Amino acid sequence: MSVRAVIPGSFDPITLGHLDIIERASTRFDQVVVAVLINPGKEALFSADERVDLIERTAGHIDNVSVDRFTGLLVQFCHARDIRVIVKGLRAVSDFEYELQMAQMNQRMGDVETLFMTTNPEYSFLSSSLVKEVARFDGPLKGVVSDVVADALKQRYAERGP
Ligand code: PNS
């Protein structure tokens, strides 16, 4: 039996912390689907197409990883693709409370289990919001995002200014 897992998120943009979770999950599941939430109510720095493209160019070297997008509830996406496992990275205890609520709700609504992976300590401080803040003021991005994401961030802020 082939076991599939989904790694959901906004990925605005994907960081090396996300990549670490994707790489590690890809060694434990037959297939990993990275699912980008399209949330029309939330303004993103990168469009859905750009976020998908940046993930593909950052994690595309991993054979059993694919990238998809979803709107609405994650459990609906899981059911439509016969996925029963969600993988999430936990950076700190502060992540846990909300993640626990979502995991329990997703379990109850859709019989989809959430498995938490501890973030590599090298990236436990990292978030997409923090990366955008650094990029906005032309700070160093080496070691926190892939080169393609660093270039995309620089270009976006050059276009729109800080
Ligand atoms: O990268 P993020 O923004 O922290 O990811 C959050 C995400 C996309 C995983 C979460 O908001 C989500 O699953 N949203 C889809 C709507 C949904 O299913 N909500 C959970 C109900 S319990």
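The values are calculated or read from the model by the stated rules, or taken from the named source; none is laboratory data. What you see is a predicted model; the values in this text were computed from it and never measured. Please note: Cβ atoms are built from the backbone with ideal geometry, for glycine as well, and neighbour counts cover all protein chains shown. In case anyone asks, the SASA skips ligands and DNA or RNA and just uses the protein heavy atoms, side chains included. Shrake-Rupley method; radii C 1.70, N 1.55, O 1.52, S 1.80 Å.
The loop-placed trypsin sites (Lys or Arg not before Pro) in segment 113-147, going by DSSP, that have at most 10 neighbouring Cβ atoms within 10 Å of their Cβ come out as 142. Between helix 48-59 and the chain there is an angle of about 80 degrees, using the helix long axis and the longest principal axis of the Cα atoms. Each of the peptides 46-53, 6-13, 117-124, 98-105 was scored by the mean count of other Cβ atoms within 10 Å over its residues; in descending order, highest first, they stand as 6-13, 46-53, 117-124, 98-105. Need one number: the % of Cα-Cα pairs in the chain sitting beyond the 24 Å mark. Here the tail beyond 24 Å accounts for 33 percent of pairs.
The Stokes-Einstein estimate for segment 1-53, based on a Kirkwood radius over Cα pairs and taken at 4 °C with 1.567 mPa s viscosity, is a diffusion coefficient of 108 µm²/s. With all protein chains in place and a 1.4 Å probe, the accessible surface of the chain carries 51 percent carbon and sulfur. When the square roots of the Cα gyration tensor eigenvalues are ordered a ≥ b ≥ c, the ratio a/c for segment 104-162 is 1.5 or more and a/b exceeds b/c, which makes its shape prolate. Here the label points at residue 64 and residue 136, each 7 Å from Cα along the C-beta direction, are separated by 3.9 nm in the simple model. Gain on full extension, evaluated as 0.36 nm per residue between residue 107 and residue 42 minus their Cα-Cα distance, stands at 20.9 nm. What does the C-alpha gyration tensor say about the overall shape of segment 36-91? Classify as rounded when a/c is under 1.5, otherwise prolate if a/b is larger than b/c, or oblate. Oblate, because a/c is 1.5 or more while a/b does not exceed b/c. Rolled with a 1.4 Å probe across the full set of protein chains, the surface gives residue 116 an accessible area near 70 Å². Rounded, prolate or oblate: pick one for segment 91-132, where a ≥ b ≥ c are the square roots of the eigenvalues of its C-alpha gyration tensor, a/c under 1.5 means rounded, and failing that, prolate if a/b is larger than b/c, else oblate. Prolate.
One chain, two ends: residue 129 and residue 31. Fully extended at 0.36 nm per residue, the span grows by 32.5 nm beyond their Cα-Cα distance.
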